[in-house]
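Just so it is clear, none of the values below were taken in a lab; they were calculated from the coordinates. Since the model is a prediction, treat every value here as computed from it, not as a measurement. All Cβ positions, even for glycine, are placed from backbone atoms using ideal geometry, and neighbour counts span all protein chains on display.
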């Protein structure tokens with residue numbers, strides 16, 4: 001799958017649209033749609049407003065809709081009447097504006113077409129299957145309760161490991177030797193899951209059994225660690241409803257990748273290197289000067 005700005009925008013827009021599609025009825029005929037108002041006799045429909053709402057940044061969508069609904073409708077009205085005024089003055093016939101309008105139209109068509117293509121893959125059955133796979137993959141929910149002693153050199157860390165083998169108390173050594181902020185608390189790091197620690201530290205911690213200490217110091221950018229795992233457990237899986245949006249987005253990403261790869265495989269696409277394009281652009285700027 002090719003990653004790009006266009007692709008990533010699709011993921012978020014289509015995920016929201018598909019989530020709506022698998023949890024809501026199909027769009028009804030005009031006589032069954034809910035009107036919001038009219039502009040010069042043309043109806044503004046609620047479903048059109050909702051589609052615009054789906055495109056808002058997440059920080060806006062997290063707020064109750066009544067907080068921004070009126071402003072969203074106002075913006076749609078302003079856009080409509082300004083566009084009508086522009087058409088009346090033939091702005092849509094200007095070359096650069098016509099090109100921009102085509103690009104925007106292509107984007108709308110592409111989003112609609114791809115949305116329909118992948119929505120068949122992101123159905124309730126697929127969501128349930130993905131959830132079962134997530135639940136079965138307990139490694140992703142594994143959690144460790146651990147402590148560590150952080151020192152500046154490998155030799156210091158080895159000396160601490162030797163002391164621990166002779167029966168020294170881990171918490172007391174952490175309080176007296178560790179340079180990390182957890183030292184005063186006996187080196188306790190509490191409970192953490194995968195992806196929360198730097199890779200070298202995480203790999204060492206999750207490889208240890210309950211009550212065990214690393215046999216060799218673990219180096220990270222912070223220094224040298226002696227790690228003790230106090231306990232390991234599997235966090236309970238969230239409910240399917242709590243995970244629905246995440247599952248839909250993951251399935252949408254996967255389906256989108258398949259659709260775009262299949263589509264690209266049938267096309268003849270030739271691209272110039274960025275350096276060549278930049279040279280042409282610099283040459284064109286020089287001519288203008």
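In the distance distribution for region 154-194, Cα-Cα pairs more than 11 Å apart total 65 percent. Summarising the label geometry, the points placed 7 Å from Cα in the beta-carbon direction at residue 96 and residue 53 lie 3.7 nm from one another.
With Cα atoms defining each centre, region 245-281 and region 120-188 are spaced 38 Å apart in the structure.
Sorting 214, 74 from the fewest to the most surrounding beta carbons within 10 angstrom yields 74, 214.
Rounded to the nearest 0.05, the FRET efficiency derived from the C-beta distance between residue 136 and residue 112 at R0 = 35 Å is 0.50. Once Cα extents along the principal axes in Å is calculated for the structure shown, the corresponding label among (1) 55, 49, 33; (2) 88, 59, 41; (3) 60, 42, 41 turns out to be (2). Region 54-102 and region 217-238 have Cα centres spaced 50 Å apart. I need the shape label for region 43-123. Rule: rounded when a/c is under 1.5, else prolate if a/b > b/c, else oblate, with a, b, c from the alpha carbon gyration tensor. Here region 43-123 falls in the oblate category.
Note on region 176-286: semi-axes of the ellipsoid equivalent to its C-alpha gyration tensor, largest first and rounded to whole Å, are 47, 27, 13.
Sort the following peptides by mean Cβ neighbour count (other Cβ atoms within 10 Å, averaged over residues), highest first: 185-194, 249-258. Before the final figure, lay out the partial values.
Numbers: 185-194: 16.8, 249-258: 18.8.
Those peptides, ordered most packed to least, come out 249-258, 185-194.
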